[in-house]
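What follows is a set of notes on a single structure, which appears directly below.
The values are calculated or read from the model by the stated rules, or taken from the named source; none is laboratory data. Just so it is clear, the model here is predicted, and its values are computed rather than measured. Cβ atoms come from the backbone with ideal geometry, glycine included; neighbour counts cover every protein chain shown.
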Amino acid sequence: MFVPALEKLYEKMKGRTDIQVLTFDIDEDLGLVPPYVKEKGYDVSGAAAYSTVVSLLDGFTVPQNWLLDPHGIWCWKQLGYVGGSNADFEKEILARFESTKTSQ
């Protein structure tokens, strides 16, 4: 499942000042989100973003991973959660993040 992999990535990155991991919740019923997050013990930051995501995208797939460079420029997105281990997910995201820093 995607959320545990994202939470694990967040736990590794939360002390860094050059990267921030957060989620955008696109549930139409926001009342369901806080109890789920609390029950699972997740700490990753989230923002209610249903209308924002819908207005930005012509249709959308859940989940999506987006990577912005340190200046806020959108430089990569992944549609859906590609299988593999949590370690593979972390390695891919971190490698892509590092490449945004060197391409400036």
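For the stretch 1-32, the set of residues classified as assigned to a loop (DSSP other than H, G, I, E, B) and over 21 Å from Ser55 (Cα atoms) consists of Met1, Lys14, Gly15, Arg16, Thr17, Asp18, Ile19, Gln20, Val21, listed by residue number. Evaluated against (1) surrounded by 11 or more Cβ atoms within 10 Å (Cβ to Cβ); (2) of a type in the set (D, E, K, R); (3) modelled with pLDDT under 80, Lys8 falls short on exactly one condition, (3).
Considering only residues of the stretch 34-64 that are in a helix (DSSP H, G or I) and closer than 23 Å to Lys12 by Cβ, which is modelled with the highest pLDDT? Write out each step before concluding.
First, pick out the residues of the stretch 34-64 that are in a helix (DSSP H, G or I): 34-40, 50-56.
From what is left, the residues that are closer than 23 Å to Lys12 by Cβ are 36-40.
Values: Tyr36: 81, Val37: 80, Lys38: 85, Glu39: 89, Lys40: 85.
Among them, the one singled out is Glu39.
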